Amino acid sequence: MKKLVIVTLLVLLSFVIYISQGGSLSFPHSSSDQSKYYDSGLLNREAASFKNIADYNFDVDFDDLTKEISVKENITWRNKTDYSTNEIYFHLYPNAYKNNKTNFAKGYNINFPEAQTEIKIKKFLVNSIDAELEIAYPEIYNPSDSTVAKTNLQTYVKPGDSVHIYFEYTLKIPESVKRFGYARGRNFYFVSQWFPKVGVFENGKWICSPYYAYLNFYLSLCFGKINVITFCKISFVVFI
C-alpha cells in the first residue's frame, strides 16, 4: 500500500512540474484537430528529427490450409550515422520458436510441434547479388538460438550511402504462444515479429539482441516506411 501511495505521489509531482513549466495537456479530438498536430503519421514538432533509416516492402502470399506464408521482402537500409560499416545484422525473430532451447523458450513452453517454426530462406541478395547469411551470437552464445544473423558486405556502406537487401522465404504460422500464431479452434491469426529486420547501427557498432522471453525490442523500424501487399485464397480481414 505504501508503494502505491509513493508511486501516486510521484506521478502527481511530475504532473505539477510539467504544468508549471508550461506543458500543455490538449489532445486532438477530431480529424481536423489531428491535422494540426500530425502529418503522415508524425508529430509536427518531431518531423524535423525524423530519420528515414529503413524502408520495407513485402509481397505476402498466405495459404490458410498449410498455415504458411510465402514472402518476398525488399529492404532499403540507409546509413544515417557518421560511421561506415562492412556488415549488416538482422533480427530473425520467428526462429525463437524453432525449438525448446532458444533464449525465448526459457520463458515460454514451445515444447510441442504445433508451436514450433522457423524462417526458411530461399534467396538472399545484397544489391542484387547473391550473398551469405550467417547466424551470429552478439550477446550470448547459444547454438540452439538463431534469432540473429549477419552478412559481410563486399564494400563499406559509408555515411549517407544505402544498400538494398532482398529476402525470399517461407514461414509456417505456429499455434500461438505469445503475440505470434493462430488461435486453436478459431479462424484467427495474430502475426507479429514475423519478418527479418535490420538491427540498429549506432556509434559505429551494431546493436542486435537475440529474442529474449521478457525483454522488448530495440529497433529502428519505426524510422522508415512499410508497405505490405497480402494475397489470401479465402477472405480474411487483415489489419497491419
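Every number in this text was worked out from the coordinates using simple rules, so none of it is lab data. None of the values given here were measured: they were computed from a predicted structure. A quick note on method: Cβ atoms are made from the backbone with ideal geometry, for glycine too, and the neighbour counts reach across all protein chains shown.
What number comes out for the charge environment of Asn203, summing +1 per Lys or Arg and -1 per Asp or Glu over other residues with Cβ under 13 Å away?
Overall, the nearby charge balance is 0.
With r as the distance between the Cβ atoms of Lys225 and Asp64 and R0 = 35 Å, compute the FRET efficiency 1/(1 + (r/R0)^6) and round to 0.05.
Once the sixth-power term is evaluated, E becomes 0.80.
Please work out the C-alpha center-to-center distance from the range 115-170 to the range 189-214 and express it in whole Å.
When both Cα centres are located, 12 Å separates them.
Check Val228: other-chain or 5+ apart residues with amide H under 5 Å from its amide H, H built from backbone geometry?
Hits under the 5 Å cutoff: Phe58.
For a Förster distance of 41 Å, can you work out the FRET efficiency between the beta-carbons of Lys158 and Ser192, rounded to the nearest 0.05? Show your work: numbers first, answer last.
Values: r = 34 Å, r/R0 = 0.82.
Calculated value: 0.75.
Structure shown: which of Lys67/Lys101; Lys101/Lys225; Lys98/Lys158; Lys67/Lys123 lie over 31 Å apart, alpha-carbon to alpha-carbon?
Violating the 31 Å limit, Cα to Cα: Lys101/Lys225; Lys98/Lys158.
Around Glu73, under 15 Å between beta carbons, what's the net of Lys plus Arg minus Asp minus Glu among the other residues? All intermediate terms of the calculation are to be shown ahead of the outcome.
On the way: positive: Lys72, Lys120, Lys122, Lys123, Lys197, Lys225; negative: Asp55, Asp59, Asp61, Glu168.
Net charge around Glu73: +2.
What Kirkwood hydrodynamic radius, in Å, does the range 159-210 give when the mean of 1/r is taken over all pairs of distinct Cα atoms and then inverted?
14.2 Å is the Kirkwood radius here.
Any chance you could run the full-extension gain for Glu139 through Asn57? It's 0.36 nm times the residue separation minus the Cα-Cα distance, nm to one decimal.
Additional length available on full extension: 26.6 nm.
Send over the Kirkwood Rh of the range 63-184, from the inverse of the averaged 1/r over different Cα pairs, rounded to one decimal Å. Present the calculation step by step, with values, prior to reporting the outcome.
Working: mean 1/r = 0.0628 Å⁻¹.
The answer is 15.9 Å.
What list of ³J(HN,Hα) values in whole Hz, one per residue of the range 152-163 in order, does the Karplus curve 6.51 cos²θ - 1.76 cosθ + 1.60 (θ = phi - 60°) give from phi, with Gly and Pro shown as x?
8, 8, 6, 9, 6, 8, 7, x, x, 7, 9, 9
List the residues, sorted by chain then number, that are 5 or more residues from Tyr211 or on another chain and whose placed amide H is less than 5 Å from its amide H.
The answer is Thr147.
Taking the alpha-carbon distance from Lys80 and a cut-off under 16 Å, which aspartates and glutamates remain once sequence neighbours fewer than 8 residues away in the same chain are dropped?
Within the straight-line limit of under 16 Å, Lys80 reaches these aspartates and glutamates: Asp55, Asp161, Glu202.
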